[in-house]
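Shown next, in structure tokens, is the structure this report addresses.
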Amino acid sequence: TGSRKRSHDDLSLLCELPPREAEAVSLALEQWSRLRLRVKALEPTLRREGALVQEILDTGLRDENRRTLRKLTQSSAGGDIEETIQQVGKAIGANRERLERILERNHGELVRLSTTAVSDMKEDVLREVDEVLARLKRALAAIRGELLGAKERADMAAVRRTGRSFNDLKGLVRRLDEERRLITRNSALAALLVTVCRRVLPVRQVDPAALRDIPASCEGYRRIMDFYFFTDAGLYFFGDYPSGPNWFVRLKRNVAILLVRDKGGRVLYNHFAVSGEHRAPGAPLAPDGGPLRSMEAKDGHGRVFNRQHDAEFKLLSGFCQAVSSAAAAERTQAVSSSSGTAPDRPAGQASCREATQPGFPRGWAGATGTLWSRKPLCASCLSAVRQVRALFPQLELTVSVGALPASQSSVVHRGPRSSAAGDAGASATAAERGANREESVQPSIVV
């Protein structure tokens, strides 16, 4: 049987193996046979991935040597790298805008392709493929040991028999390796192409003031990511790449959105914020003497620090300042109307003392707001939420976290009640439990 050739679909053993190895290999081949059905179900996804990679290659990168492209994955900024950047940029040439549109349109797909974050189905298949490979390689190691032993004994009959078994099993391992590469090759190439594009293409220029009307939801988060996609990470840092174009693979900083409307639906406050003290887009830092008090709290890695620069705290502080400014402007207008005297302070500008005073402007009565956060709130930000509710009991404030169901992620306070403190404490306890798993919660979106 040693001379019989194996067809592509044939997973049977051509040579006889020792009983223990024969049983292990037989089980592995049965699992492999079942896996092929699951791999077949992945074919539409693999074809779509392949088409996307080819579309990028067709912008001028197809003719570039892969070794040349891999130079751009190096961190060095030496002359050779700069020459390579110019060479690849010249190859792209007039296709630059087309390539930029491809990257923007397919950003989410490329993020999944170019990182280890594969789809659940593909991940399960690859895990099983690796299990089968491990079984076959263990059997191959055992057969190799027997082959070496036969050679040492100069038992040529055993050498020939064991050698055929070794080669047969080695061929199966090689074939499974090839089938695995068919599943992952688009990902490897996409990772290379994304790195090349980030080194060659210029960053997008944006006016942050143009980003308005942001829903406090996953949709709003998508809009923020779309707006800042491929912008300069040196100017707008989300905790992903520290420099070059923003690609948004693994954001270490949190993103939050606050939207408050009056009872007629008019927007009273709408902004987003990114956690961090330096280069953080969105709402500015909370003032040291502001109306709210931050405190030290643990992050997802157990590190304890003051959370004054958290995204949620920035937004809540900014909202308090907006309320006090509107109230000050309303008081100034009332005084001016009754006395006809000019105000001592420009209209709408509140002092820090006034900013700590509770109460809404009359026009803000019945306001509702949603604070959306990509990650669960820490203890400090939960405390800030309670402080805002205590300052402005007229406000109905909903807190929504990432992609958790509304029943688990939202807490609502509807105006003054005798049990407000107890309700806030219960809500805080639930959200604090969520904060302990902060790093594991991701938004249910692709950007």
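For every residue, the table says whether it meets (1) of a type in the set (Gly, Ala, Ser); (2) under 22 Å from GLU43 (Cβ atoms); (3) open to solvent by less than 40 Å² (accessible area, probe 1.4 Å).
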site: ARG164; (1), (2), (3): no, no, no
site: GLU178; (1), (2), (3): no, yes, no
site: ASN186; (1), (2), (3): no, yes, yes
site: ALA191; (1), (2), (3): yes, yes, yes
site: PRO202; (1), (2), (3): no, no, no
- Message: Pairs needed: first member in the stretch 284-305, free of Cβ contacts under 8 Å to residues at least 12 places away in the same chain; second member anywhere, surrounded by fewer than 20 Cβ atoms within 10 Å (Cβ to Cβ); C-beta distance under 8 Å; at least 6 residues apart or different chains.
- Response: VAL304/GLU296; VAL304/LYS298; PHE305/GLU296; PHE305/ASP299
- Message: Suppose we filter the stretch 144-190 for residues that are among the β-branched types (Val, Ile, Thr) and either at positive phi or in contact with a His (Cβ under 6 Å, 6 or more places away or on another chain) (or both); how many remain?
- Response: 0
- Is the stretch 217-232 home to any residue that is under 37 Å from the mean Cα position of the chain (by Cα), surrounded by fewer than 15 Cβ atoms within 10 Å (Cβ to Cβ) and farther than 30 Å from ASN95 by Cα? yes
- Query: Which one of GLY276, GLY234, GLY265, GLY289 is part of a loop (DSSP other than H, G, I, E, B) and at pLDDT below 90?
  - Reply: GLY289
- Does GLU97 satisfy the criteria of being open to solvent by 90 Å² or more (accessible area, probe 1.4 Å) and either modelled with pLDDT of 85 or more or assigned to a helix (DSSP H, G or I) (or both)? yes
- Might you check whether a residue that is farther than 30 Å from ILE92 by Cβ and without any contact (Cβ under 8 Å) to a residue 24 or more places away in the chain occurs anywhere in the stretch 178-199? yes
- Task: Only residues in the stretch 56-78 that are under 14 Å from LYS90 (Cβ atoms) and in a helix (DSSP H, G or I) count as the first member; pair them with residues that are open to solvent by 30 Å² or more (accessible area, probe 1.4 Å) and modelled with pLDDT under 75, Cβ under 7 angstrom, at least 6 apart or cross-chain, and list the lot.
- Result: none
- Qualifying residues in the stretch 57-83 (those that are among the hydroxyl-bearing types (Ser, Thr, Tyr) and modelled with pLDDT under 80) - the one least open to solvent (accessible area, probe 1.4 Å): THR68
- Query: ARG204: of a type in the set (Lys, Arg) and touching a residue at least 12 places away in the same chain (Cβ under 8 Å), yes or no?
  - Reply: yes
- Those residues of the stretch 369-382 which are polar (S, T, N, Q) and closer than 22 Å to ILE224 by Cα, in sequence order: THR370, SER373
- Query: Which one is surrounded by the most Cβ atoms within 10 Å (Cβ to Cβ), of the residues in the stretch 233-270 that are closer than 30 Å to PHE392 by Cβ and out of contact with any Phe, Trp or Tyr (no Cβ under 8 Å at 6 or more places or on another chain)?
  - Reply: ASN254
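The values are calculated or read from the model by the stated rules, or taken from the named source; none is laboratory data. Quick caveat: nothing in here was measured; it's all calculated off a predicted structure. No Cβ is skipped: glycine too gets one built from the backbone with ideal geometry, and neighbour counts run over all protein chains shown. The area values use the complete protein model at the heavy-atom level, side chains included, leaving out ligands, DNA and RNA. Shrake-Rupley method; radii C 1.70, N 1.55, O 1.52, S 1.80 Å.
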